[in-house]
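No value in this document is a laboratory result; all are computed from the given coordinates. Bear in mind the structure is a predicted one, so any value in this text is a computation, not a measurement. Neighbour counts are summed over all protein chains in view; Cβ atoms, including those assigned to glycine, are modelled from backbone coordinates with ideal geometry.
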Amino acid sequence: MAELNLVLLGPPGSGKGTQGERLNEDLRLPYYATGDILRAAVRDETQLGKTAKEFMDRGDLVPDDVIIGVIAERIEGSEAADGFILDGFPRTLPQAEALDDELEKVDRGLTAALLIEVPEEEVVRRLGGRRTCEKEGHVFHVEFNPPEEEGVCDIDGSPLVIRDDDKPEVIRHRLETYHDKTEPLVSYYEEKGLLRQIDGAQPPDVVGERIRALLSTLRMEEDI
Ligand code: AP5
Ligand code: MG
């Protein structure tokens, strides 16, 4: 298979970051998580971070024109020539169309949009116990995926923190934003024959195995 251009779709807390990290390791493809990119920009107080912060703190999306440029730049780079994994982008119809245009310009296209489905009450439980690595955004959960040492990232040793947008009232607003702005992408990708649904309400290893199996099937289909 020539290249694997993947989008991870799903509500907040569905496990996009958890599975994206695994895919990144398995497939050795660049992994672009717009939430992580924006949080790093906020931390570094760049112009992007200053623009994004107020939207993120409220649980709103940052404006399309701000985020589209961030991803276009990465996809155009040589690092993504053999494929990429996108987490948290696209999140609106204009973003999805911009991504298609960007790929079309260079005669490429998406391989699949993987929708990780999790019921809302499970999402709320997950986000309530999430701990995120301050440096790289590696994801843990106090109960479902605890680090070896409390409060410390297993991968790079940096402190684990609670994300500013993991407060109950902001979680609720992020879910509303998902329903309003991002859910329409499910039918967008379905109509293009790119949607693949995954039951995300299983333990992380089971979800990971299912994604792996699905990608093997996609590869076989492509080889036929
Ligand atoms: P972003 O960082 O993308 O947040 P999100 O979409 O709300 O998703 P999360 O990161 O909260 O959840 P996740 O699906 O990655 O789940 P995770 O693996 O961590 O975006 C943040 C903000 O940035 C947005 O609100 C917006 O303002 C802005 N933004 C970003 N992209 C944008 C864009 N394209 N356009 C405009 N604005 C944008 O898992 C959650 C927890 O559950 C963890 O604790 C994990 O350990 C645990 N867990 C994971 N899987 C399982 C499992 N199978 N079983 C049990 N526990 C599990
Ligand atoms: Mg995430």
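Report the residue, chosen from L185, L86, L194, that carries the largest GNM mean-square fluctuation when the chain is represented by alpha-carbon nodes joined by springs under 10 Å.
Residue with maximal mean-square fluctuation among L185, L86, L194: L194.
With each label point set 7 Å from Cα along the Cα-Cβ vector, what nm distance links V142 and R125?
Label-label distance for V142 and R125, simple model: 1.5 nm.
Along the three principal axes, how long is region 12-91 when you take its alpha carbons, biggest first, rounded to the nearest angstrom?
Cα extents, longest axis first: 35, 28, 22 Å.
Between the alpha-carbon centers of region 1-26 and region 29-94, tell me the distance in whole angstrom.
Each part reduced to its Cα centre gives a spacing of 15 Å.
Using the charge dipole of the chain (Lys, Arg: +1 at Cβ; Asp, Glu: -1 at Cβ; taken about the Cα centre), state which of G69, A40, L4 has its Cα farthest towards the positive end.
Towards the positive end, the residue furthest out is A40.
Averaged over every viewing direction, what's the projected area of the C-alpha convex hull for the chain? Give it in nm², one decimal, please.
11.8 nm²
Express the Stokes-Einstein translational diffusion coefficient of region 74-135 in µm² s⁻¹, to the nearest whole number, given a Kirkwood radius over alpha-carbon pairs, 37 °C and a viscosity of 0.692 mPa s.
Numbers: Rh = 14.4 Å.
This corresponds to a translational diffusion coefficient of 228 µm²/s.
What length, rounded to one decimal in nm, is gained on full extension from D164 through to V66, with 0.36 nm per residue of separation minus their alpha-carbon distance?
Details: separation 98, 0.36 × 98 = 35.28 nm, distance 2.07 nm.
My answer for the length gained is 33.2 nm.
Looking at region 7-105, which GluC sites (Glu not before Pro) are in a loop (DSSP not H, G, I, E or B) and have at most 10 other Cβ atoms within 10 Å? Intermediate results must be reported in sequence, preceding the final value.
Working: sites: E21, E25, E45, E54, E73, E76, E79, E97, E102, E104; in loops: E45.
For GluC sites (Glu not before Pro) across region 7-105 that sit outside H, G, I, E and B with at most 10 neighbouring Cβ atoms in 10 Å, the list reads E45.
Working out 0.36 nm times the residue gap between H173 and Q202, then minus their Cα-Cα distance, what length gain in nm do you get to one decimal?
Values: separation 29, 0.36 × 29 = 10.44 nm, distance 2.47 nm.
Gain on extension, H173 to Q202, equals 8.0 nm.
Restricting attention to the alpha-carbon atoms of region 1-57, what are Rg (one decimal) and Dmax (integer), both in Å?
Expressed in Å, the Cα Rg and Dmax of region 1-57 come to 13.6, 42.
Using 1/(1 + (r/R0)^6) with R0 = 22 angstrom and r between the beta carbons of E190 and D26, what's the FRET efficiency to the nearest 0.05?
Values: r = 26 Å, r/R0 = 1.17.
E between E190 and D26, to the nearest 0.05, is 0.30.
Which order do V42, V142 fall in if you start with the one that has the fewest other Cβ atoms within 10 Å?
Working: V42 17, V142 14.
Lowest count first: V142, V42.
Taking 7 Å along the Cα-to-C-beta vector as the label spot, tell me the E134-V106 distance in nanometres, rounded to one decimal.
For the pair E134/V106, the computed spacing is 3.5 nm.
Just how large is the dipole of region 19-107 about the Cα centre, in debye to the nearest 20, putting +1 at every Lys and Arg Cβ and -1 at every Asp and Glu Cβ? Write down the numbers at each step before the final one.
Working: 10 positive and 22 negative charges, 85 e Å.
Result for region 19-107 is approximately 400 debye, rounded to the nearest 20.
Kindly provide the helix-only [θ] at 222 nm of the chain, computed as the sum of -39,500 (n - 2.57) over DSSP H runs of four or more divided by all residues, to the nearest 500 deg cm²/dmol? Mind showing how you got there, number by number?
Numbers: 9 runs with 107 residues, N = 224.
About -15000 deg cm²/dmol.
Magnitude of the Cβ-charge dipole of the chain, K/R +1 and D/E -1, about the Cα centre, nearest 20 debye?
On the way: 27 positive and 50 negative charges, 64 e Å.
I would put it at about 300 debye.
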